[in-house]
Each structure stands twice: as C-alpha cells, then as structure tokens.
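A short worksheet on the structure shown next.
The values are calculated or read from the model by the stated rules, or taken from the named source; none is laboratory data. As the structure is a computational prediction, the values presented were derived from the model and not from experiment. Every residue, glycine among them, receives a Cβ derived from its backbone with ideal geometry; neighbour counts consider all protein chains shown. Note: areas computed on protein heavy atoms with side chains; ligands, DNA, RNA excluded. Shrake-Rupley method; radii C 1.70, N 1.55, O 1.52, S 1.80 Å.
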Amino acid sequence: MAVPAQRVRRLTEHPTKPDGRWVLYWMTSFRRTRFNFALDRAIEHAKALKKPLVVLEALRVGYPDANDRLHTFILQGMAENARRFAQTPVLYFPYVEETKGDGAGLLEALAAEACVVVGDDWPCYFVPHMQAAAAKRLDVRFEVVDSNGLWPMHATDRVFTTAHSFRAHLQKTLTPHLFELPNDAPLTGLELPHAKLPSSLTSRWSRAAKDLLEAKPAAIAALPIDHSVPPGKMKGGSAVGEARLSLFVSKKLGDYPVARNEPEEDGTSALSPWLHFGHVSAHHVFAEVARKEKWTPDVLGRSIGGSKEGWWKMSPAAEAFLDELITWRELAFNMAALRPDDYGTLETLPAFAKATHAKHAKDPRPHLYSLEQLEHSQTHDELWNATQRQMVRDGWFHNYLRMLWGKKILEWSPSAKDALERMERLMNKYSLDGRDPCSYSGYLWVLGRYDRAWGPERPIFGSVRYMSSTNTAKKISVKRYLETYRA
Ligand SMILES: Cc1cc2nc3c(=O)[nH]c(=O)nc-3n(C[C@H](O)[C@H](O)[C@H](O)COP(=O)(O)OP(=O)(O)OC[C@H]3O[C@@H](n4cnc5c(N)ncnc54)[C@H](O)[C@@H]3O)c2cc1C
C-alpha cells in the first residue's frame, strides 16, 4: 500500500532528480526498520526510480543535553539497525560525530547525489528546526513523512484542548486510518540496486566504529558530551523494545487498569523511551494489542461521543491502555504539530489556568527550592525525593509519580513559568523519554492544560488540580518504592 498522502509534507519545492545516484532516507526520529512510513516512502521512491536506497542515521555531539545516557540508548538502537539492514540491498550509513562540527556537510554531500531526500516528520525539540535549516541548503526534493501515530498529525488544523474532544474526534475520523498501516517487514524480500558511497565521502565521514556502535563505555567516554549522567536502566534498540512490548501484551496488559497506578508493580508498558527514540512504533504496539484481542477494525461502530469505554470493542484493559497510547499520546502530538512555536509554553494553557496562576503569583511559598536542590533530591518530602532519585538513577519513572513530581515543583518554585522550566530541565537531562511532545503535555498538564478548574481554590495552585504526597501515599503503595529509591 502506498504511504498516505496526508502523511507526507514537502520541505523544498525542488523537483525529484531522476539522474541522481540514490534515494536518501535521513533517519532522525523513527529510528527503526519496521512499521515506519518514512522508510516505506523512501523504498517507494527507490523502487519507482530503480535506484539504490541509502539510509543515513547520524548522531551529533553538539545537540542540547547530549550525555552518556542518551548517547548510549541511541547507539544501541543504531547497532540494532545496522544488524537489521545487513543482508538487505539498503546501504545503511551510521555516522557518529566524534568532534563537534565534524558532521557538518555530510547530509548535503549525500543529498547532492540523491534523486530525492526523505526525512521523519517529528514535531518537537530541535528536529523541525534542524530540518528547516537543512531544507534551505538542499537543491533536491526533500519531504518529511509522519509515522508518529495512528492519526496523521496534519489530518486537521484544529488544536484540541481536552482529551474528551480529541477522543470524540478520533472516534469519528480514525477508522479509515486503521486500514493504512506501515509495512511490518519492508526489508523482507526487498529488491533494489546496491549503492556504494564514493571514497571522497567515506574518507571524510567514516561509518561509526564498532566500539561506538556497541556503546562501549570507553568509546563513549572519549566523546565531548556530558559524562555526568550514566546510562539508564533500559537498553536501547528495536529488539529490546519489541521484547518489552511482547512481554507487556502477553503478561501484563490484562492487569493494566489496576496495576498501572501502582509504581511498585511494573504494571505499565514502560515503552515510552523506545517510543520516544522511534525504536518501537505506536502502530506496532497497536497491532500487537489488536492481535492479542483478536480484533479487526471492521468491528468499530459509530462514534460514541468521546466516551473512554466501549470505543474499541476490546477488553476493558486493552481499552484503558489504548486510551493512553492513542488519545493522550496523540493529543500531545496534535499540539506540538499545530502550534510549533509555542507548544511548550504557558501560552497553551486554558484561560482558567492562566488567570489562576496570575492571581496566585504573589502567594507566599513556604518551601522554595532551587533547581540544584530539586536535582539532588534535597527537599523535605521523601516520596518526592525518591521519584527524583529514580529519574536520575534509572532514566525513567512512573506516570502516577510524575504527576505528583510536577505538582510539587509547581508548589516549590517561584512561579508557574519557573516550574515549567525546571521540569523541562530535569527531564531533558535525565529522562530517556524526555524532549518529547508527551513531555510537554505532561508538564503543562501539571499547570492546567487539558484539565478543568478544581475546588477548593488553594494557595499557589489556585484552581489548578492539587496533589499531595500524603494523599498519594494513602492511595498507592509506596513502602517498597521508598526503600528502593532511598538516598
Ligand atoms: C509531569 C509529567 C511529565 C511527563 N513526561 C513525559 C515524557 O517526558 N515522555 C513521555 O513519553 N511521557 C511523559 N509523561 C506522560 C506519562 O507519564 C508517560 O508517557 C508514561 O508514564 C510512560 O510510561 P509507560 O510507557 O509505562 O506508559 P503506559 O501507561 O504503558 O502507556 C503507553 C504509552 O502511552 C503514552 N502515554 C501514557 N500516558 C500518557 C500521558 N499521560 N500523556 C501522553 N502520553 C501518554 C506513552 O507513549 C506511553 O509509553 C509525563 C507526564 C507527566 C505528568
């Protein structure tokens, strides 16, 4: 099946060059070889033009927050991609910058010989800016393809402000897209001419060394990045992410509605790091859930008006999980794609939240902590300190505790704006799944986005939803958690 036109956006108006030597896929966000519309699109071009396909997956050292943890996860993914592209006609070129600026010019050099360049349409962090800047330097057709979620980000120009309205919209419009899946095995039996890169190019930019691709600590230690954040608990790459997906669907999905609120249970998918780096696709996750539930899209009936239950006609557990994976995750992508200039700012808050933050801006704040105190878990609140320690040690923490973590940062910061900046700073540095549309929707949810006004009006929070560690510890079990993440 051809990649749906709604998922393709052109970033240059230059024509395709049929005399080029290859089709170039510049892989930046969907770092995988399956369930990837951008890879499918690049293969489509290569087949139509009867040209080889070159895939460039590059890792710079100069991006914000480059550290051992993020690098290791990405490199483990690159090693897996190298294994998966081997024995196929695709020329996979993993490039790892070893000195800041060394990678400059590589994309242009590969694009200069390309018939067309395909990229990943991901709406967050520095990626859209990097692609826009690259587009100015390319003189060939450059298009980006949306393989983020089940619903194409540009299928509407409406920005949704509540999960309910977004869900209602999906219930009306998503069904046709469920028949348009990316290829689950695009490399199997693929026939294309083989490419060889000229030595003028490989002598200047060489393929990543084996030690780097294996994320050997000594190789990473030699890179000019922040070495203060060691690798996290999770290992990067599609194979590990897919194994986690199978485990979750086969053993944990059934208990999700209850276990998902218990940080001691390992009851959620914990797939967010692999989803974030594109090692696992949301389409793949959906397909596995559907397979487990023996489900096909033709069972879907008419819209049910935004209700959570009964949409998919799957088990309650699967419905609860898909509501997070599809409604909440793609709501975040909707905001990031359609408000590219301010999706991560207080501007996106509803009127009630803006007004209440303004009204309570000067409220006394009995506990004010600096960013450094927060970073080093130096607050009076042991549960909060434990969540921060989990983020710093593991590179991931649980949704329920993320909500509490954010609410306390609001309470302990000089302003809502400072709270937002601190959440972003800490997560960007430590959390494997940070720097994502879901990161920003999470921080801004803490501050009132996608929520309603709550009573009673309280100091600092005003009418924004309040959470306390004492109540959290009554609702969920945290004894073992506190022991695991004590100082
Ligand atoms: C303050 C705060 C910060 C957050 N930061 C991030 C972040 O940096 N990156 C991130 O991916 N998510 C973030 N979230 C959303 C949510 O906490 C995580 O997606 C979830 O905890 C990841 O764990 P999981 O993969 O086990 O989720 P599961 O419960 O297994 O859900 C499956 C997937 O659905 C998506 N999802 C689940 N919950 C949400 C949600 N509330 N909003 C949007 N998507 C969701 C994620 O992609 C997740 O991997 C944040 C939430 C808050 C309150």
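Some notes on this structure:
- Some residue of region 433-451 being assigned to a helix (DSSP H, G or I), touching a residue at least 12 places away in the same chain (Cβ under 8 Å) and of a type in the set (Asp, Glu): no
- Checking the stated criteria, residue 399 turns out not to satisfy the condition of being over 27 Å from residue 259 (Cβ atoms), of a type outside the set (Gly, Ala, Ser), out of contact with any strand residue (DSSP E or B) (no Cβ under 9 Å at 6 or more places or on another chain) and near the ligand (Cβ under 10 Å from one of its atoms).
- Per-region count, region 324-365, residues outside any helix (DSSP H, G or I) and farther than 18 Å from residue 435 by Cα: 8
- Taking every residue in region 58-75 that is farther than 21 Å from residue 107 by Cβ and in a helix (DSSP H, G or I) and pairing it with any residue that is of a type in the set (Phe, Trp, Tyr) and modelled with pLDDT of 95 or more, at least 6 positions away or on another chain, the pairs with Cβ-Cβ distances below 8 Å are 69/430; 73/277.
- When the helices (runs of 4 or more DSSP H) confined to region 100-196 are screened for residues that are out of contact with any Leu (no Cβ under 9 Å at 6 or more places or on another chain) and surrounded by fewer than 16 Cβ atoms within 10 Å (Cβ to Cβ), those reaching at least 2 such residues are found at 127-137, 163-173.
- So residue 404, is it near the ligand (Cβ under 9 Å from one of its atoms), open to solvent by less than 10 Å² (accessible area, probe 1.4 Å), in a loop (DSSP other than H, G, I, E, B) and over 13 Å from residue 125 (Cβ atoms): no
- Options 49, 56; residue that is within 22 Å of the chain's Cα centre (by Cα) and either of a type outside the set (A, V, I, L, M) or at pLDDT 95 or above (or both): 56
- The sole residue among 336, 355 that is within 16 Å of the ligand (Cβ to nearest atom) and farther than 21 Å from residue 469 by Cβ is 336.
- Scan of region 82-132 for residues that are within 26 Å of the chain's Cα centre (by Cα) and among the acidic types (Asp, Glu), ordered by number: 97, 98, 120, 121
- Just one of (1) modelled with pLDDT of 95 or more; (2) more than 18 Å from the chain's Cα centre (by Cα); (3) within 10 Å of the ligand (Cβ to nearest atom) fails for residue 327. It is (2).
- Scanning region 302-319 for residues that are closer than 22 Å to residue 259 by Cβ and crowded, with 17+ Cβ neighbours inside 10 Å returns 311, 312, 314, 315, 317, 318, 319.
- From 483, 457, 421, residue being under 20 Å from residue 232 (Cα atoms), of a type in the set (Asp, Glu) and open to solvent by 10 Å² or more (accessible area, probe 1.4 Å): 483
- The listed residue being among the polar types (S, T, N, Q), farther than 29 Å from residue 74 by Cα and free of Cβ contacts under 8 Å to residues at least 24 places away in the same chain, out of 413, 370, 315: 370
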